[in-house]
Amino acid sequence: MSNFFKHIIIGSGAAGSMIATELIKKDSSVAIIEEGRSFNSDYFKAKKIATRNKNLWRNGGITAFFGKSIIPYAEGVAVGGTTVSNGGVIERPSIEWIENLKSKFKIDGFEYENLKNIFLEVEQKLNVRDHYKENENQNLDSKIWSNYLDKMKISYRKSNLAHTNCKRSNQCISGCPNDAKQTNVLLNYLPEAKKGGTKIFHKNKVIRIKKVGKHWDIYTINQNKKLIFKCEFLYMAAGAIQTPTLLKKNGLSKTAGQRLGFHLNYQIISKFKDVLNSKNGTIFTTDVNHYKNLGISFNPANFQKSYMFSKFSNLNNEQVNLIEKNISNYGMYITQLKVDGFASIKANLFGQPIITYELLNSDLVRIKQSIKIICDILIGSGAEEIILPYDNFKVLRSKKEINNLIDNFNLSKMNFVCAHMMSSCAMGNTGNEVVDGTGSLPGENRLMVVDASVIPECTGESPQLTIMSVAKRIIEIKMWNK
């Protein structure tokens, strides 16, 4: 089987869907090749969370990063990519971050004046807002800390969520069963691209990319059948791990994947005196942004028993029984850290990339600082117990215990998860980047990297809006000369 298109996009997530939507407006020959399957709300309603996670995330949600300890990274593999199973937060990058694109990385055309209308367009299309309907008994895990934050003059805000008619099912990260989470591009951008004529070939894993004259041949496997697709212009949107892996594997770049930026997350369980009924809410409704300049932020997480006990799987039977008995008094929280360290793709074993990471001394300081801050906030807000993902899940009940843990902190005993990979094919014009300021490899004007890989440094924010906006701006500059 052979399929020829003028434009082929590898990957259907935040970047791939945006590129397809833009290209199909001016050209009728556009195709997306996607490794994953297509899932909808009927599937999410019918299947248990464990089954959904296994199918929505590569390797069941455990792509391992090797370092002081093993850190799992959840990488989406579905039509729509990770947007199908993220939390629904849409945040703009800071003005400082945008200004760095020019001042630090010598990238022209991505000034705020060029990006602000794209930000607004995406936000409107995804129905992003910082106010949403909730009654007085919903999202109490967010509200419980407001009095303490106000008293201590710690700034916080309502998160910008792309949620429409949210039913508070608390299942965002396993696929929304109500189609409320509009960050899922399968509900908006991909249907628009498909309506315009874009062909989507799912369950096709790309195994080889070869340049033949002025064309590209893309070899895939679909249910043990080998297929060949051909195109004039190729767009890499397979994500910050798969894109550099494909480029390295096919001899298209020696430097792709040498340095990956990421956000580091850890989750905390906290028991309060007051009843929260945290299951009657949703994710990320409040963002404690007071410490963003330190690279630290805090949010409430989706609350489901299955999430809690899978994240804290080493709890003993006695602890599990106590939590079950008082489940209505518990909340679960996420700390996100913008780290100075980095990860690297070292090799490819049996088709899977091997990823190592290194954290710097500044990151150790930031981690300990974040533990101190979030524990102080929780205790100040009435928490009786805090369970940290540390040393077989340490239970803390006082500031003295918190300070003792920080004084004796051992990084290898902390359980983290990795989120928001980017920068693996960083763009720029300083001579140190993988691609230029339009996402093109050196000497390859017909191959562009357009996904999170090109983001030159971590945003410190949920990056979907940045990824989509940068992707659109690349097309505007490269193809439309805007």
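The values are calculated or read from the model by the stated rules, or taken from the named source; none is laboratory data. The model shown is predicted, which means the values in this text are computed figures rather than measured ones. Glycine gets a Cβ as well: all are built from the backbone with ideal geometry, and neighbour counts include every protein chain shown.
Here are some conditions: (1) assigned to a strand (DSSP E or B); (2) over 24 Å from the mean Cα position of the chain (by Cα); (3) farther than 30 Å from GLN319 by Cα. SER253 meets all but one. Which one does it not meet?
(1)
To keep it simple, each residue is scored yes or no on (1) under 21 Å from the mean Cα position of the chain (by Cα); (2) at pLDDT 90 or above.
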{"site": "ALA50", "(1), (2)": "yes, no"}
{"site": "TRP57", "(1), (2)": "yes, no"}
{"site": "PHE65", "(1), (2)": "yes, yes"}
{"site": "ALA74", "(1), (2)": "yes, no"}
{"site": "VAL77", "(1), (2)": "yes, yes"}
{"site": "ILE90", "(1), (2)": "yes, yes"}
{"site": "LYS106", "(1), (2)": "no, yes"}
{"site": "GLU111", "(1), (2)": "no, yes"}
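Can THR438 be described as surrounded by fewer than 19 Cβ atoms within 10 Å (Cβ to Cβ) and in a loop (DSSP other than H, G, I, E, B)?
no
Count, please, the residues in the range 328-351 that happen to be without any contact (Cβ under 8 Å) to a residue 60 or more places away in the chain and either more than 22 Å from THR63 (Cβ to Cβ) or surrounded by 14 or more Cβ atoms within 10 Å (Cβ to Cβ) (or both).
Residues that pass the stated criteria total 4.
On the basis of being surrounded by 17 or more Cβ atoms within 10 Å (Cβ to Cβ) and outside the structural domain of ASN250 (by TED's automatic domain parsing), does SER381 make the cut?
Here the answer is yes, as SER381 does meet what is asked.
Please note which strands (runs of 3 or more DSSP E) are completely contained in the range 274-389 and include at least 1 residues that are at pLDDT below 90 and closer than 30 Å to LEU247 by Cα.
Of the strands (runs of 3 or more DSSP E) lying wholly inside the range 274-389, those with at least 1 residues that are at pLDDT below 90 and closer than 30 Å to LEU247 by Cα span 342-349, 352-358.
Does GLY261 satisfy the criteria of being part of a loop (DSSP other than H, G, I, E, B), crowded, with 19+ Cβ neighbours inside 10 Å, within 24 Å of the chain's Cα centre (by Cα) and touching a residue at least 60 places away in the same chain (Cβ under 8 Å)?
no
Going by the structure shown, is ASP179 touching a residue at least 24 places away in the same chain (Cβ under 8 Å) and acidic (Asp, Glu)?
Yes: the conditions hold for ASP179.
Taking only the range 390-413 into account, find how many residues are more than 18 Å from ASP363 (Cα to Cα), touching a residue at least 12 places away in the same chain (Cβ under 8 Å) and either hydrophobic (A, V, I, L, M, F, W, C) or assigned to a strand (DSSP E or B) (or both).
Residues in the range 390-413 being more than 18 Å from ASP363 (Cα to Cα), touching a residue at least 12 places away in the same chain (Cβ under 8 Å) and either hydrophobic (A, V, I, L, M, F, W, C) or assigned to a strand (DSSP E or B) (or both): 4 in total.
Residues in the range 145-162 that are within 15 Å of ALA301 (Cα to Cα), crowded, with 16+ Cβ neighbours inside 10 Å and under 22 Å from the mean Cα position of the chain (by Cα): how many?
Number of matching residues: 3.
Regarding ALA31, is this residue of a type in the set (A, V, I, L, M, F, W, C), part of a strand (DSSP E or B) and farther than 27 Å from GLU457 by Cα?
The answer is yes for ALA31.
State yes or no: is SER270 outside the structural domain of ASN445 (by TED's automatic domain parsing), part of a loop (DSSP other than H, G, I, E, B) and crowded, with 16+ Cβ neighbours inside 10 Å?
no
What are the residues in the range 152-178 that are under 19 Å from ASN188 (Cα atoms) and not in a strand (DSSP E or B), if any?
If the condition is that a residue be under 19 Å from ASN188 (Cα atoms) and not in a strand (DSSP E or B), then ASN160, ALA162, THR164, ASN165, CYS166, CYS172, ILE173, SER174, GLY175, CYS176, PRO177, ASN178 are the ones that fit.
Would you check if there is a residue in the range 62-71 being of a type outside the set (Lys, Arg), within 23 Å of ASN224 (Cβ to Cβ), touching a strand residue (DSSP E or B) at 6+ places or on another chain (Cβ under 7 Å) and buried (at least 21 other Cβ atoms within 10 Å of the Cβ)? Even if it seems obvious, please write down each step before you answer.
In the first step, residues of the range 62-71 are kept if they are of a type outside the set (Lys, Arg); the result is 62-67, 69-71.
Those left that are additionally within 23 Å of ASN224 (Cβ to Cβ): none.
Checking the range 62-71: not a single residue is of a type outside the set (Lys, Arg), within 23 Å of ASN224 (Cβ to Cβ), touching a strand residue (DSSP E or B) at 6+ places or on another chain (Cβ under 7 Å) and buried (at least 21 other Cβ atoms within 10 Å of the Cβ).
This table checks each residue for (1) under 16 Å from SER85 (Cβ atoms); (2) free of Cβ contacts under 8 Å to residues at least 12 places away in the same chain; (3) outside the structural domain of SER462 (by TED's automatic domain parsing); (4) surrounded by 16 or more Cβ atoms within 10 Å (Cβ to Cβ).
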position	(1), (2), (3), (4)
SER17	yes, no, no, yes
ILE24	no, no, no, yes
SER29	no, no, no, yes
ILE32	no, no, no, yes
GLU35	yes, no, no, yes
LYS45	yes, no, yes, no
ALA50	yes, no, yes, no
ASN53	yes, no, yes, yes
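Starting from the range 156-176, keep only residues that are among the basic types (Lys, Arg), then list their pairs with residues that are modelled with pLDDT under 85 and crowded, with 23+ Cβ neighbours inside 10 Å whose Cβ atoms are within a distance under 6 Å, requiring at least 6 positions of separation or different chains.
ARG168/GLY281; ARG168/THR282
State yes or no: is GLY428 farther than 27 Å from GLY88 by Cα, free of Cβ contacts under 8 Å to residues at least 40 places away in the same chain and not charged (D, E, K, R)?
So GLY428 does not fit the description; no.
Check LYS203 against each of (1) within 19 Å of MET421 (Cα to Cα); (2) in contact with an Asp or Glu (Cβ under 8 Å, 6 or more places away or on another chain) and name the one condition it does not meet.
For LYS203, the exception is condition (1).
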